[in-house]
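Here the structure is laid out as structure tokens; the discussion comes afterwards.
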Amino acid sequence: MAHGASAQPSAATRRPGEGHDTGSVPGQGWTFSTFRVMVGLQVLAIFVQAITAGLVVAGRPGAKPLHGTTATVALLVGLLTLVAAILVWKPGGGSARFTVPSAVLLVLLVVQSILGGNHVKAVHVPLGVALFGGVVVVALQAWSGPRARSVRS
């Protein structure tokens with residue numbers, strides 16, 4: 001082997017999952033990183049919703065409009081998270097396993113927003129708790145996979 005030559009194959013000849021080129025592993029490129037960021041923002045948005053809901057329950061002035069505004073942000077982040085999940089799957093070549101939970105969360109966010117706007121607290125409050133749990137589950141899934149496959153020499 002020539003001096004300075006690498007023992008690893010070049011990126012062009014390497015099979016997906018070999019070496020350190022995680023960009024060639026389906027689902028490990030920029031699309032998956034974007035999805036993880038969006039899931040993190042979704043967790044934050046739902047957490048802020050819980051805080052503003054507490055302010056509403058406490059009767060703080062201006063809490064209802066703030067809760068409504070942060071609901072709009074949560075919906076937008078939910079939509080972008082679904083788009084990111086689709087990008088991981090289709091052009092990214094990754095797993096489709098994130099699309100269904102992301103879509104379900106978005107639908108539940110829409111339902112939650114409608115219920116809140118109509119003051120249906122008997123369903124709005126427990127659904128908010130379920131949304132918080134659901135977004136945490138999606139976040140745990142996003143940070144637990146997919147992983148680059150290791151290659152034994």
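The values are calculated or read from the model by the stated rules, or taken from the named source; none is laboratory data. Everything numeric here is computed off the predicted structure, so don't read it as measured data. Cβ sites come from the backbone with ideal geometry, for glycine too, and all protein chains shown count toward neighbours. These area figures cover heavy atoms from the full protein model, side chains too; ligands, DNA and RNA do not enter into them. Shrake-Rupley method; radii C 1.70, N 1.55, O 1.52, S 1.80 Å.
The residue list LEU127, LEU115 contains one member that is surrounded by 14 or more Cβ atoms within 10 Å (Cβ to Cβ), within 20 Å of LEU41 (Cα to Cα), free of Cβ contacts under 8 Å to residues at least 24 places away in the same chain and over 15 Å from the mean Cα position of the chain (by Cα), which is LEU127.
Residues are listed down the side, and each one gets a yes or a no for (1) touching a helix residue (DSSP H, G or I) at 6+ places or on another chain (Cβ under 8 Å); (2) open to solvent by 40 Å² or more (accessible area, probe 1.4 Å); (3) modelled with pLDDT of 85 or more:
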residue	(1), (2), (3)
PRO16	yes, yes, no
PRO65	no, yes, yes
THR99	yes, no, yes
SER102	yes, no, yes
